[in-house]
1. Among DSSP beta bridges lying fully in the range 91-217, give the percent that are antiparallel, nearest 5.
2. Kindly rank 94-104, 76-86 from highest to lowest mean number of other beta carbons found within 10 Å of each residue.
3. Could you pull out the pairs from 192/213; 26/55; 39/93; 124/151; 27/148; 168/206 whose alpha carbons sit more than 20 Å apart here?
4. Calculate I(q)/I(0) for the range 11-95 by the Debye formula, one identical point scatterer on each C-alpha and no solvent, and give its log10 at q = 0.23 Å⁻¹ to two decimals.
5. Order of 53-64, 22-33 by packing, highest average Cβ count within 10 Å first?
6. Skipping prolines and chain starts, which residues have an amide H placed within reach, meaning under 5 Å, of the one on residue 228, given they are 5 or more residues away or on another chain?
7. Under a no-solvent Debye model with one identical scatterer per Cα of the range 75-121, what's log10 I(q)/I(0) at q = 0.15, 0.28 Å⁻¹?
8. How big is the Rg/Rh ratio for the range 29-186, C-alpha atoms only, Rh by Kirkwood, two decimals?
Amino acid sequence: MKNKDYKNKNLVKPAEEQTILDFVEKKLSENATIRELMKDEYISYGGIRDFLYHKFCPLYFSLCPYHKNKKDETCDATLCWLENFSDVFTPDKVSDYQFYHNIVKAAVQPSICPECGKEELELKWQDEGYLAKLGLINFSDVAYLECKSCKKRFITHADKMAVEFLLKVFIAKPSKKSPVKAGQTVVLALDKVGLEIFIEHLEKEKDIKTIWKRLDPFSISDQIGELDLNIAVADFVCEYYNVEYEEKSEIGTFFEEFEDEDENSSENFDISDLFDDFDEK
């Protein structure tokens, strides 16, 4: 039986009635990173909403209603969360990165730099417009950690896993029906914990066509040449955490028309040159 906690009036309020808390809760309801952070708490929270309200403030997501850059003695997060979102912000001006930056940093950042031993590592996102390319496939929205001291950069484990796995999928069985195609851009999910769990799940699957089936509904390659793992991971996270808060559209029957093709074994390959000076975390 699915958890109905997230199918509530808070998540379906008209945009003009949403508080900042409503807006962020809905944004993160399909997010594994925030859920894994909840698991580390001694207190058992009833859901993301309670966790956000008691542990964070809107500033953590760059949504301070007073546009502050730093908390001060006048701040009261319990009041700020309840400010009307539309009175302060325009949804299309809010970047997805700001919802993920701090929670991803909290989930992936090691304590010291493996290169020089210093303790200051900064989470950075791939530069806008820059595509990390390996062979015939491009990868966007890569996250990496940069040491402020030696400037060495380390690709996050989740992104490395995803890149390696998708390249194996491509090499194992190149096909027009594969959701991973030559010349395509793969958008790596911003929810890095969710991405890692999703890839771990796919790695257990032995049938390449089942993997295609899991990926293909989120491929829009026929239109703009992309495979968006943000959508794939969000869909998987709902199933993984048993979350239901809105009706999902039914997935088509594209895979009923698969033709039998000879399968090639996956090859080993080295992705060390994927991002110039990126190293594994």
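Readers should treat all values here as calculations from the given coordinates under stated rules, not as data from a laboratory. Since the model is a prediction, treat every value here as computed from it, not as a measurement. Glycine also receives a Cβ, built like all others from the backbone with ideal geometry; neighbour counts cover every protein chain displayed.
1. If we restrict to bridges inside the range 91-217, about 80 percent are antiparallel.
2. 94-104, 76-86
3. 192/213; 39/93; 27/148
4. -1.21
5. Ranking, from highest mean packing down: 22-33, 53-64.
6. The answer is 187, 220.
7. -0.65, -1.04
8. Taking Rh as the inverse mean 1/r over Cα pairs, Rg/Rh reads 1.03.
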